[in-house]
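Below is one structure, written out as structure tokens; comments come after it.
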Amino acid sequence: MDDNQETDCFIDGYCAWSVSTCFFKEGYQKTFGKDETNKGTDIETESKRLNLTIEIKSLETGCAFTEHYLIENGKLLINESYDFDYSKFYDDEGNFRDELDDEYTELLFIA
């Protein structure tokens, strides 16, 4: 492969915790303590080492939060996360609110 050739790769997977905790050194230390170090590497280091642009989007419906990161050659350009109210999609009996189906589908779509 030509070194100047641009290639896209899409990876779908699961994290044990948040993307921040699993892939970023700062997130790992914030969760497990400043003196703790991840035994492996982190996404920013690998982005710089491999000259990669990496975009990560996640959705955690169980804990009701989403994350979005963009790392280019080791620099974090987008660092967004927010919580959402997952319970609003269900009524008091735990039944899904059909009238919110479009909003729910939009929430689950990660582009």
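The values are calculated or read from the model by the stated rules, or taken from the named source; none is laboratory data. What you see is a predicted model; the values in this text were computed from it and never measured. Backbone-built Cβ (ideal geometry, glycine too); neighbour counts: all protein chains shown. Note: areas computed on protein heavy atoms with side chains; ligands, DNA, RNA excluded. Shrake-Rupley method; radii C 1.70, N 1.55, O 1.52, S 1.80 Å.
Things to note:
- Qualifying positions in the stretch 14-43 - open to solvent by less than 60 Å² (accessible area, probe 1.4 Å), under 15 Å from the mean Cα position of the chain (by Cα) and modelled with pLDDT under 80: 15, 27, 28
- Enumeration of residues in the stretch 77-90 that are surrounded by 11 or more Cβ atoms within 10 Å (Cβ to Cβ) and not in a helix (DSSP H, G or I): 77, 78, 79, 81, 84, 90
- Looking only at the stretch 54-72, residues that are open to solvent by less than 20 Å² (accessible area, probe 1.4 Å) and over 21 Å from residue 10 (Cβ atoms) come to 1 in all.
- Selection count, the stretch 44-81, where residues are modelled with pLDDT under 90 and over 11 Å from the mean Cα position of the chain (by Cα): 4
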